[in-house]
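Here is the structure we will look at, set down as structure tokens.
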Amino acid sequence: MVGINADLKRMETIERSVYSTEIKTMEDLAFIQKDIFENRKVVTKIPDWFYKIFKNNDEDRERRTLELN
């Protein structure tokens, strides 16, 4: 499995670990942190052209959210 589908599967696994109601030890948290780090290294990159289209809109939305809070 490659590309976005593999990314989604990895993120779902991480999400299950993070939101699990089980009590986590420091070792569990270290594994979760490692998984997040590894995911960031291999995740499918967003093409620059796509990012540039939505960048300003995302920044404006974040700025408005901060102003409301």
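Scan region 1-33 for residues that are in a helix (DSSP H, G or I) and either closer than 22 Å to LYS45 by Cβ or not acidic (Asp, Glu) (or both) and the total you get is 23.
Each row is one residue, and each column tells you yes or no for (1) of a type in the set (A, V, I, L, M); (2) within 21 Å of GLY3 (Cα to Cα); (3) in contact with a Cys (Cβ under 6 Å, 6 or more places away or on another chain).
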| residue | (1), (2), (3) |
| --- | --- |
| GLU15 | no, yes, no |
| ILE23 | yes, no, no |
| ASP28 | no, no, no |
| ILE36 | yes, yes, no |
| PRO47 | no, yes, no |
| PHE50 | no, yes, no |
| ASN56 | no, no, no |
| GLU59 | no, no, no |
| GLU62 | no, no, no |
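Enumerate the pairs (first residue in region 39-51 and under 18 Å from GLU15 (Cβ atoms); second residue anywhere and of a type in the set (D, E, K, R)) with beta-carbon separation below 7 Å, excluding pairs fewer than 6 apart on the same chain, so at least 6 apart or on different chains. Going by the 7 Å Cβ cut-off, the qualifying pairs are ASN39/ARG10; VAL43/ASP7; THR44/ASP7.
Coordinate-derived values only; no laboratory data. All of these numbers come straight from a predicted model, not from anything done at the bench. FYI the Cβ positions are ideal-geometry reconstructions off the backbone, even for glycines, and counts take in every protein chain you see.
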